[in-house]
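What follows is a single structure, written as structure tokens, with notes after it.
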Amino acid sequence: MQEKEFLAHKEEYVEDVLKILDKRAEEEARLIFKRYHEYGGEALYTEISDALSREINGYYARLFGLFQDHPEISDQNLFRKVILNHLPAFIRENPKYRARVKKLPPKIKYAILASEIASFIVYQGGWEVDFETRLREYLKKYLPQTRSKR
């Protein structure tokens, strides 16, 4: 947005941004408490929060690299929806501003995608189960098929 546009819509835009921040804070707090109980109270909340940040950053780096290596992915419909989901509702729901999202520089698109997806993976969980399933499928393909002798 240009400065004039931002000032004209500042209140609505800021309200949307605050909603996003509240949502993220709530997701992190829930996960911190969940992990605290999983660890039997043996870890400090700050240690858990730090571990979550490292998890998110790890996924972020991996995802950002994926988008850099395969830029065509970021333009696919599914990933465009992720970018829009990341943005304040004012941008997402206003056709004038939504159209501008297509013009984002690639590096910005990759950063948005990596950040949004990494946060979702960590806060929503379940990725490890899927990872294990994918690993087992990969190993079935990787290992030579042998017949057991009786």
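Sub-9 Å Cβ pairs linking a first residue in segment 1-12 that is part of a helix (DSSP H, G or I) to a second residue that is exposed (fewer than 12 other Cβ atoms within 10 Å of the Cβ), at least 6 apart or interchain, are Glu5/Lys96, ordered by first then second residue.
Among the residues making up segment 82-99, those that are surrounded by fewer than 17 Cβ atoms within 10 Å (Cβ to Cβ), without any contact (Cβ under 8 Å) to a residue 60 or more places away in the chain and more than 12 Å from the chain's Cα centre (by Cα) are Leu84, Arg92, Glu93, Asn94, Pro95, Lys96, Arg98, Ala99.
Could you check, for segment 33-42, whether at least one of its residues is surrounded by fewer than 17 Cβ atoms within 10 Å (Cβ to Cβ), under 19 Å from the mean Cα position of the chain (by Cα), of a type outside the set (Gly, Ala, Ser) and at negative phi? Among the residues of segment 33-42, not one is surrounded by fewer than 17 Cβ atoms within 10 Å (Cβ to Cβ), under 19 Å from the mean Cα position of the chain (by Cα), of a type outside the set (Gly, Ala, Ser) and at negative phi, which makes the answer no. Number of residues in segment 47-97 that are farther than 28 Å from Asp16 by Cβ and hydroxyl-bearing (Ser, Thr, Tyr): the value is 0. Taking the criterion of being free of Cβ contacts under 8 Å to residues at least 40 places away in the same chain and in contact with a Phe, Trp or Tyr (Cβ under 7 Å, 6 or more places away or on another chain), the residues of segment 13-51 that qualify are Ile32, Tyr36, Ala43, Tyr45, Ile48.
Which one is nearest to Tyr97 (Cα to Cα), of the residues in segment 10-30 that are buried (at least 16 other Cβ atoms within 10 Å of the Cβ) and in contact with a helix residue (DSSP H, G or I) (Cβ under 6 Å, 6 or more places away or on another chain)?
From segment 10-30, those buried (at least 16 other Cβ atoms within 10 Å of the Cβ) are 13, 16, 27-28; that's our starting set.
Applying the additional criterion that residues be in contact with a helix residue (DSSP H, G or I) (Cβ under 6 Å, 6 or more places away or on another chain) yields 13, 16, 27.
Details: Tyr13: 12, Asp16: 14, Glu27: 28 Å.
Checking each candidate, the answer is Tyr13.
A residue that is at pLDDT 95 or above and closer than 24 Å to Tyr110 by Cβ occurs somewhere in segment 43-52.
The values are calculated or read from the model by the stated rules, or taken from the named source; none is laboratory data. Model, not experiment: these values are computed from the prediction. Neighbour counts are summed over all protein chains in view; Cβ atoms, including those assigned to glycine, are modelled from backbone coordinates with ideal geometry.
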